[in-house]
Amino acid sequence: MAHLRCDFYSDAIGLSTSMTVILPQQTETQIGMTGRAGADLPPVLYLLHGLSDDDTIWLRRTSIERYAAPLGLAVVMPQVHRSFYTDQAYGGRYWTFLSEELPALVQSFFRVSDRREDTFVAGLSMGGYGAMKWALTEPDRFAAAASLSGAVNLTGLRTGRTRPDDPRMFERIFGDEPIPESADLFALLGKVDVERSPKLYVGCGTEDGLEPDNREFVRAIEDRGLDLRTSFVPGEHAWGLWDAEIQQVLDWLALAR
């Protein structure tokens, strides 16, 4: 596969940012890995990072390049800082960046499919929240969405704990107002058209402090009758689990090999 670190300017957030991208490449003689690329434009997975990470983290902590190579899958990993994929009350318009500007830039920079059946989103922790928010807000864009150890209950996170390293994080993002319905996964879930919703994947380690929130989110998805796969396996909020889980997600996507 081809690996690109793309630095560019974002009008939405008003500063230069970056995305890490891996693109399919047909290879026959590469030792230990066979690349696949067809004549058609490749499918694309938007893969979102967590709160303390950046666009390089999936490539550094997992073997996502090796997992995607035989699938002929492009993977786009954007940088969104500590934004919770939201247009911040006191900061950048990161939701606008993610949902509007980024896909347009990807289409202008790279040869990848923009068809719904070829477009997927996944993420871990804060990125799991972002993946579900994007898929439930724009169900016609994605065929499938996956959350790994997702921060799926923002109201609970905002009221139940503080971050000594960033004590005013939620105030910066949402101001003094309650979490709006447009940012609340449970509210979005209640509004999504069952017939239009992407299929969903929710995974979390059973020793993760976010497990109860994810169990509650799963129950809400099941109550709506959406197409759902779950994976609650032994593990903490850690990369060993996410490296294993992203492989399960890619298998679940059932892309032609």
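Bear in mind these aren't lab numbers, they're just calculated from the coordinates by the rules spelled out. What you see is a predicted model, and the numbers here were worked out from it, not measured in a lab. Please note: Cβ atoms are built from the backbone with ideal geometry, for glycine as well, and neighbour counts cover all protein chains shown.
For the chain, the longest principal axis of the C-alpha atoms and the axis of helix 239-253 are separated by about 70°. Rounded, prolate or oblate: pick one for the stretch 34-102, where a ≥ b ≥ c are the square roots of the eigenvalues of its C-alpha gyration tensor, a/c under 1.5 means rounded, and failing that, prolate if a/b is larger than b/c, else oblate. Oblate, since a/c reaches 1.5 and b/c is not below a/b.
Where does each of 78-87, 123-132 land if you order them by average Cβ count within 10 Å, highest first?
Values: 78-87: 22.2, 123-132: 28.8.
Packing proxy ranking, top to bottom: 123-132, 78-87.
Amide H contacts under 5 Å for Gly72: Arg36, restricted to partners 5 or more places along the chain or on a different chain, H placed in the peptide plane at 1.01 Å from N.
With the helix formula -39500 (n - 2.57) applied to DSSP H stretches of n ≥ 4, the chain reaches a computed 222 nm mean residue ellipticity of -8500 deg cm²/dmol. Taking every Cα-Cα distance in the chain and sorting them into 5 Å bins starting at zero, the pair-distance distribution P(r) comes out as 1, 6, 14, 19, 20, 18, 13, 6, 2, 1, 0, 0 percent. Over all other residues within a Cβ to Cβ distance under 14 Å of Pro198, the charged ones net out to +1, with Lys and Arg as +1 and Asp and Glu as -1. Shown in residue order for the stretch 142-157 are the 3J(HN,Hα) couplings computed by the Karplus curve 6.51 cos²θ - 1.76 cosθ + 1.60 at θ = phi - 60°: 10, 7, 7, 9, 10, 10, 10, 6, x, 7, 7, 10, 5, 4, x, 5 Hz (x for Gly and Pro).
The local environment of Ala89, defined by Cβ-Cβ distances under 10 Å, has a net charge of -3 under the rule Lys, Arg +1 and Asp, Glu -1.
Residues whose amide H comes within less than 5 Å of that of Ile13, counting only those at least five positions distant or on another chain, are Arg93 (H built at 1.01 Å from N in the peptide plane).
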